[in-house]
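Below you'll find the structure, written out as structure tokens, and then a few comments.
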Amino acid sequence: MKENILLLLQIITVDFFTAFGLYSLFFLLLSIFIKNVVLYKIDNEAIKFISFVGVVYFIVWIIGLFVFYAESNTEEQNIMLNRMFGKYWFGIWTQPILWFLVTQLLRVKRIYKNIFLRILFSFMLIISIERFILLTISFHRDYLPSSWTIYNDLDIYPSNFILAVFCKIIVFFFFAGIYYAITSQFKMFQKKKAE
């Protein structure tokens, strides 16, 4: 059960939050040159979808806390409670609450139309606090520049990176389209039921 929850949280953060952040930057760049109503409708649906995913993420994260606590032995439970409510409690709570708040604030029209906030929220969804700390530590003055290589161990080349980003955005749009189809069918069903 723990592995399934961790996998689901990883899928949400990597494939949805990161993809939406990348999409938002692409949308803002594209909206400078193209003023099309369809483009803004797609953006509106993407925002609705990421707000829904933010709620799902937070619910799964809370359920995960209870599952991890229930499946742990007494010593691990004490360690977990100490981490969650002890001296460094903010290390556990900050990132999930931040992602939840960012995705829910995007529901407000004045916020998602504000270009500065949209760029800020995009970077908050792309770069987690953990990644930010790792990047900061990597560029520390004691870190040796001679070992700054990307291509040796990771097999990450610019063409692979661009393809991976493109695939993430396509997967995001696929699931956003499914979400749109389900919600539009649900709205039509409620409209027929009301008549």
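The values are calculated or read from the model by the stated rules, or taken from the named source; none is laboratory data. Fair warning: this is a prediction, and the values are worked out from it, not measured in the lab. Glycine also receives a Cβ, built like all others from the backbone with ideal geometry; neighbour counts cover every protein chain displayed.
Conditions (1) under 21 Å from the mean Cα position of the chain (by Cα); (2) at pLDDT 90 or above; (3) closer than 27 Å to Ile182 by Cα, marked per residue:
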| position | (1), (2), (3) |
| --- | --- |
| Ile32 | no, no, no |
| Ile47 | yes, yes, yes |
| Ser51 | yes, yes, yes |
| Phe68 | no, no, no |
| Met80 | no, no, no |
| Phe85 | no, no, no |
| Phe90 | yes, no, no |
Any residue in the range 78-97 that's over 13 Å from Glu130 (Cα atoms): show its pairings with residues that are basic (Lys, Arg) and surrounded by 12 or more Cβ atoms within 10 Å (Cβ to Cβ) at Cβ separation under 9 Å, as long as the two are six or more apart or on different chains. Trp89/Arg83
Scan the range 72-93 residue by residue and report those that are farther than 28 Å from Phe17 by Cα and assigned to a loop (DSSP other than H, G, I, E, B). Ser72, Asn73, Gly86, Lys87
Just wondering, is there one or more residues in the range 178-187 that are under 18 Å from Gly21 (Cβ atoms), modelled with pLDDT of 80 or more and surrounded by 10 or more Cβ atoms within 10 Å (Cβ to Cβ)? yes
Residue hits (the range 15-41; without any contact (Cβ under 8 Å) to a residue 60 or more places away in the chain and in a helix (DSSP H, G or I)) are Phe27, Leu29, Leu30, Ser31, Ile32, Phe33, Val37, Val38, Leu39, Tyr40, Lys41
